[in-house]
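Values quoted throughout were computed directly from the atomic coordinates according to the rules given, and no laboratory measurement underlies them. Quantities reported herein were computed from a predicted structural model and do not represent experimental measurements. Counting neighbours? That spans all protein chains shown, and the Cβs are built from the backbone with ideal geometry, glycine included.
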Amino acid sequence: MTQGFDLVEGLAAGLEDRAAAWWFVQDFALHWVAPIEDGDGWDEAELAAAEERLGLRLPAALREAYALFGRRPDLTSNHDALHGPADLHLDDRGEVLVFRHENQGACAWGIPLAELHRPDPAVLVRADLADKQAEAWEPWLDRLSIALLELVLSESLHAPEGRCDYLDALDEEGRDALERHYDGLPFPDYPDGAGPGDASRWYAGEDVLLRVDGGDLVYARARAPKALDELRERIPGDWLDSGAPWE
């Protein structure tokens, strides 16, 4: 792993403890994106204004994340969007506080109002379906801090500087290579939001991060050209950006 930062160990700690989750985000930003600095979070006045507008108190985990890195779109909104305090809103039934949307509106993430009293509440996901009657909020992750860790890692897979790649057909040989060469990350099971039965799995190697959705869709993010080239050699296939110049 990157010198001075073990992604696997850091994530494992962050999944167990909310304070450690924010330390992980800071370390990940430092080594994989850009350091978190003063001014990268929303201030207390902006959080208080959102609470007054909504008529509710934001849970501690959301306040802490907003205050630390909420104004960093490179960590939170490369593909899907973490809402700022002014954009937080209730769903159409007034039962869920919506804090994130998929970039084309295909799904949303929210916190049930019944959970807002908890410092680190559960998170739900809802698909935006053609059949509006079939839309329902479903369990996603049981702690908001874990959901926000997942958000930061997922958004890193869509970094704009050309350091990512995508494989839409992972075959059996590729799955074997993935398990052989890369370490599974200890995320709890959770759906990928694409449909019933789908799930996301995370892996990491030397300077490379991967997420596999539904068993065969692979998203990859690398810190160095060598790591991305090595990934493509180990898991051959029709990588979307194979041969693209490293920026």
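So here's what we get for this one:
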quantity	calculated
Additional length obtainable on full extension of the chain from E95 to D183, 0.36 nm per residue less Cα span	27.8 nm
HN-Hα J in Hz across region 80-96 - Karplus 6.51, -1.76, 1.60, θ = phi - 60°, x for Gly and Pro	8, 10, 7, 5, x, x, 5, 9, 4, 7, 8, 5, 5, 9, x, 10, 9
Ranked by how many other beta carbons lie within 10 Å on average, peptides 53-65, 89-101 from highest	53-65, 89-101
Rounded if a/c under 1.5, otherwise prolate or oblate - region 143-223, Cα gyration tensor axes	rounded
Förster radius 22 Å - calculated FRET efficiency between Q26 and A60 (Cβ-Cβ, nearest 0.05)	0.80
Hz values of 3J(HN,Hα) by residue in region 165-178 - Karplus curve (6.51, -1.76, 1.60), Gly and Pro given as x	8, 9, 10, 9, 8, 7, 8, 4, 4, x, 4, 4, 5, 4
³J(HN,Hα), Karplus 6.51/-1.76/1.60, whole Hz, each residue of region 145-154, x for Gly, Pro	4, 5, 4, 6, 4, 4, 4, 4, 5, 5
Peptide ranges 38-47, 225-234 listed from the most packed, as the mean C-beta count within 10 angstrom indicates	225-234, 38-47
For the chain: Kirkwood Rh in Å [reciprocal of mean 1/r, alpha carbons]	18.7 Å
